[in-house]
1. Any idea how many residues of region 82-98 are in a loop (DSSP other than H, G, I, E, B), out of contact with any helix residue (DSSP H, G or I) (no Cβ under 6 Å at 6 or more places or on another chain) and farther than 19 Å from Pro45 by Cβ?
2. Within region 24-81, how many residues turn out to be polar (S, T, N, Q), modelled with pLDDT under 95 and part of a helix (DSSP H, G or I)?
3. Out of all the residues in region 1-13, which are open to solvent by 10 Å² or more (accessible area, probe 1.4 Å) and either touching a Ser or Thr at 6+ places or on another chain (Cβ under 6 Å) or free of Cβ contacts under 8 Å to residues at least 12 places away in the same chain (or both)?
4. State which residue is farthest from Asn12 (Cα to Cα) when the search covers only region 151-161 and only residues that are in a loop (DSSP other than H, G, I, E, B) and open to solvent by 40 Å² or more (accessible area, probe 1.4 Å).
5. What is the residue count in region 52-84 for residues that are in contact (Cβ under 8 Å) with a residue 40 or more places away in the chain and not aromatic (Phe, Trp, Tyr)?
6. Considering (1) closer than 27 Å to Asn9 by Cα; (2) open to solvent by less than 10 Å² (accessible area, probe 1.4 Å), say which one Trp119 fails and leave the rest.
7. Going by the conditions given, is Arg191 closer than 22 Å to Gly24 by Cα and out of contact with any strand residue (DSSP E or B) (no Cβ under 6 Å at 6 or more places or on another chain)?
8. Regarding Arg109, is this residue of a type in the set (Lys, Arg), exposed (fewer than 14 other Cβ atoms within 10 Å of the Cβ) and outside any loop (DSSP other than H, G, I, E, B)?
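The values are calculated or read from the model by the stated rules, or taken from the named source; none is laboratory data. All figures in this text were calculated on a predicted structure; none of them were measured in a lab. Note that each Cβ is placed from the backbone with ideal geometry, even for glycine, and that neighbours are counted across all protein chains shown. For accessibility, only protein heavy atoms count, side chains too; no ligands or nucleic acids. Shrake-Rupley method; radii C 1.70, N 1.55, O 1.52, S 1.80 Å.
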Amino acid sequence: MKVAIIKYNAGNIYSVNHGLKRIGVTPVITDDPAIIRTADRVVFPGQGEASTTMSYLRGRGLDRLICELKQPVLGICIGMQLMCSHSEEGDTGCFGIFDACVRRFVPQRHEDKVPHMGWNSLAGMKGRLFDGLPDSPYVYFVHSYYVSVTGDTAATGDYIHPFSAAMHRDNFYATQFHPEKSGSTGEVILRNFINL
């Protein structure tokens, strides 16, 4: 099983690398199109700002490459957001894999803090990524932007209002939360992705 983590100018790549190693997978971290195309699984992680990240990806042709992949692909955090059609962050056009817009959280009450950071439960889980998990498992989030609930939503979270905690369309899977930082629940999700 060859697993590629897409290397680009976003953080969090090495924590995803360690998360996969914890479940017995040794991935390759690469921006080489040939290696990414021939990998059995591709992980598109990220922490960063949408417009500068998209500019970097476009400059290297990685945006087109990711959209053309046929094997299972897992986007994490900004990886999920960039799979959508547009982000309010920097008024950025994104991949368009998911027909959805990424919007900034707007606090409604004094206690609403942005970014949303910490452990929150999942609801409405559907799909093989969540096989073997109990109802309402807790996962770890760090994000200021969110995707509304759409037809591609595979799990929801609730912070200020409901949002897409995970998405799925065809061979593209995505989580707004960080499975690599979500303890045993995250390990189940990563293992399920590898075993798709």
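1. Summing the residues that are in a loop (DSSP other than H, G, I, E, B), out of contact with any helix residue (DSSP H, G or I) (no Cβ under 6 Å at 6 or more places or on another chain) and farther than 19 Å from Pro45 by Cβ in region 82-98 gives 3.
2. Summing the residues that are polar (S, T, N, Q), modelled with pLDDT under 95 and part of a helix (DSSP H, G or I) in region 24-81 gives 4.
3. Lys7, Ala10
4. The selected residue is Gly151.
5. The number of residues fulfilling the criteria is 22.
6. (2)
7. Against the criterion (closer than 22 Å to Gly24 by Cα and out of contact with any strand residue (DSSP E or B) (no Cβ under 6 Å at 6 or more places or on another chain)), Arg191 qualifies.
8. Considered against the rule, which asks whether it is of a type in the set (Lys, Arg), exposed (fewer than 14 other Cβ atoms within 10 Å of the Cβ) and outside any loop (DSSP other than H, G, I, E, B), Arg109 comes out as no.
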